[in-house]
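Visitor: Supplied in structure tokens, the structure appears directly below.
The values are calculated or read from the model by the stated rules, or taken from the named source; none is laboratory data. Source: prediction; values computed, not measured. Glycine gets a Cβ as well: all are built from the backbone with ideal geometry, and neighbour counts include every protein chain shown.
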């Protein structure tokens, strides 16, 4: 039986040079590494993010691909990219998932475990 599985690792970073705490603007970069740990090649088609600040305000971000790409990952391959998010508080949480389609047409989601954005 075929295994369809991507794992996702997140590395967040506060960007003080692009933030303005006096104006409640906190910008963060995050680098995501997506690994195909399954045994079937699959393509990342779309993303869904939920970004919640410390006051409970949630931004939902849906879109095609990541950073303008829809990478096809063969078993054992990884794709790494960096993007950014903005909060109105110095701390928040991001989580979400990727919608993927394997080369045999099977659709699946790859979860992105919650990670903390924290100005430090």
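Visitor: Return the total of residues in segment 74-105 being loosely packed, with under 14 Cβ neighbours inside 10 Å, without any contact (Cβ under 8 Å) to a residue 60 or more places away in the chain and part of a strand (DSSP E or B).
Guide: Total satisfying the criteria: 2.
Visitor: Could you count how many residues in segment 49-73 are within 14 Å of the chain's Cα centre (by Cα), assigned to a strand (DSSP E or B) and closer than 22 Å to residue 103 by Cβ? Working first, answer last.
Guide: Step one: of segment 49-73, the residues within 14 Å of the chain's Cα centre (by Cα) are 49-52, 59-71.
If we keep only those that are assigned to a strand (DSSP E or B) too, we end up with 49-52, 59-64, 66, 69.
With the extra rule that they be closer than 22 Å to residue 103 by Cβ, the set shrinks to 64, 66, 69.
Going through segment 49-73 one residue at a time, the tally reaches 3.
Visitor: Being in a strand (DSSP E or B), surrounded by 15 or more Cβ atoms within 10 Å (Cβ to Cβ) and either free of Cβ contacts under 8 Å to residues at least 60 places away in the same chain or in contact with a helix residue (DSSP H, G or I) (Cβ under 6 Å, 6 or more places away or on another chain) (or both): is that true of residue 28 here?
Guide: no
Visitor: Within segment 12-22, is there a residue that is without any contact (Cβ under 8 Å) to a residue 12 or more places away in the chain, over 19 Å from the mean Cα position of the chain (by Cα) and in a strand (DSSP E or B)?
Guide: Taking every residue of segment 12-22 in turn, at least one turns out to be without any contact (Cβ under 8 Å) to a residue 12 or more places away in the chain, over 19 Å from the mean Cα position of the chain (by Cα) and in a strand (DSSP E or B).
Visitor: On the given criteria, is residue 35 surrounded by 16 or more Cβ atoms within 10 Å (Cβ to Cβ) and either touching a helix residue (DSSP H, G or I) at 6+ places or on another chain (Cβ under 6 Å) or at pLDDT 95 or above (or both)?
Guide: Taking the combined requirement at face value, the residue satisfies it.
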